[in-house]
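What follows is a set of notes on a single structure, which appears directly below.
The values are calculated or read from the model by the stated rules, or taken from the named source; none is laboratory data. On a predicted model such as this, the values are computed, not experimentally measured, just so you know. Cβ sites come from the backbone with ideal geometry, for glycine too, and all protein chains shown count toward neighbours. Ligands, DNA and RNA are excluded from the accessible area calculation, which covers all protein heavy atoms including side chains. Shrake-Rupley method; radii C 1.70, N 1.55, O 1.52, S 1.80 Å.
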Amino acid sequence: MTTSNSPRLILVTGAAGNIGKYFAQHANKQKYKLRLMVRSLNVAAKVEPLKPHGEVIEAQMDKIETLEKACEGVDTIFHLAGQPDASAVWSSLLKDNIEGTYNLFLAAKKSGVKRVIFASSIHAISGYPKDTQVKTTDPVNPGDLYGVTKCFGEALGRYMGEQEGLSTIAIRIGAYQPYSSLKDSSKTGLLMNAWFSEPDCVQLVERCIDASPNLKFAIVHGLSSNIFNRMDINSTRQLLGYDPKDNFFEEADGFQQLNITKTLLAHNVHDPEQKSGLREKSPARKVEE
């Protein structure tokens, strides 16, 4: 039995992946108790690094009974498990990203879970021209079949949140990469307008966990505070108090010396070479005799 002061139990599916492993290592253990779900406990290289950070369990996305057991006593699910390849064909996406996502939501609902944080993707909107900044209120526009499955997860999450009472927040995750990737110039095109740093990701997930229980459904954008962002993060800041700290242009090799954050002009009165039009002195009034 848990009390109001007890850490909330968080189930992380796909915990052996890059995002799940980093979250397990850096999540606030005073606030959250972690249950870390993997496909198999027999892969020591993936399981052993997780053990110091929570309860490691085995469950399969196509076996609803294992998912229901994984959900027992859980407050919130951070759902990462699935096929992550943006070039994947439909046959490899259907089992985990469509049927598996449905099974996970069904198990969560049956088990009394309060919230699911669904790992959606920038690929849910990557069909827009690359010079378009996409808002959370814009229609989905997937750029590949992988993105189509993320649109399905968002739609299912909205149904579960607004019609079935299972609060859902979908995070459209951008280019999640460690700081070391910023030294690789071949990844500039990937990261320049979509970098999502590891610490910023942990912060956003924790903001989602702690969001008002009255929030039925929301889509938020998972990017760092890059000067140029493919997806707008203002609504995410306003809704959750998200305060990303990293900026590709301040961290990446080859861009730091450009000092873009300070030299980029806003084209308003705060630019160094521009002055306010209100600098005139008020005309003197004549005093009536």
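Some observations on this one:
- For the chain, the solvent-accessible area works out to 54 Å² per residue, with a probe of 1.4 Å and every protein chain left in place.
- Three-way shape label, the stretch 1-92, alpha-carbon gyration tensor, a/c 1.5: prolate
- Here K69 is the anchor, and the aspartates and glutamates within straight C-alpha reach of less than 19 Å, apart from those fewer than 8 places off in the same chain, are E55, E58, D96, E99.
- Straight-line cross-link reach from K262 at under 12 Å between alpha-carbon atoms covers these aspartates and glutamates, not counting any fewer than eight positions away in the same chain: E250, D271.
- The dipole here belongs to the stretch 34-171: it is taken about the Cα centre, uses +1 on the Cβ of Lys and Arg and -1 on the Cβ of Asp and Glu, and is about 160 debye.
- Burial order of peptide ranges 141-147, 25-31, 14-20, 52-58 (average beta-carbon count within 10 Å, highest first): 14-20, 141-147, 52-58, 25-31
- Normalising the average separation of contacting C-alpha pairs (under 8 angstrom, six or more residues apart) by the number of residues puts the relative contact order of the stretch 87-156 at 41 percent.
- Accessible carbon and sulfur surface of the stretch 17-70 relative to its total accessible area, %, 1.4 Å: 49 percent
- Between I227 and Q133, the modelled labels are 1.3 nm apart [label points 7 Å from Cα along Cα→Cβ].
- Listed values [x] 36, 24, 21; [y] 29, 22, 18; [z] 40, 23, 19 include one computed from this model; for semi-axes √(5λ) of the Cα gyration tensor in Å that value carries the label [z].
- Taking 7 Å steps out from each Cα toward its Cβ at K187 and D253 produces label points 1.2 nm apart.
- Estimated [θ] at 222 nm from DSSP helical runs (n ≥ 4, -39500 (n - 2.57)) normalised by residues in the chain, nearest 500: -8000 deg cm²/dmol
- Cα gyration tensor shape for the stretch 172-289, rounded if a/c is under 1.5, else prolate or oblate: oblate
- Carbon and sulfur %, accessible surface of the stretch 150-212 computed with the full protein complex present, 1.4 Å: 51 percent
- Under 16 Å from the Cα of K33 - lysines, other chains or at least 8 residues apart: K21, K51, K114
- Count Lys and Arg as plus one, Asp and Glu as minus one, and take only other residues whose Cβ is under 12 Å from that of G54; the net charge is then +4.
- Gyration tensor verdict on the stretch 192-261 (Cα atoms; rounded if a/c is under 1.5, prolate if a/b is larger than b/c, oblate otherwise): prolate
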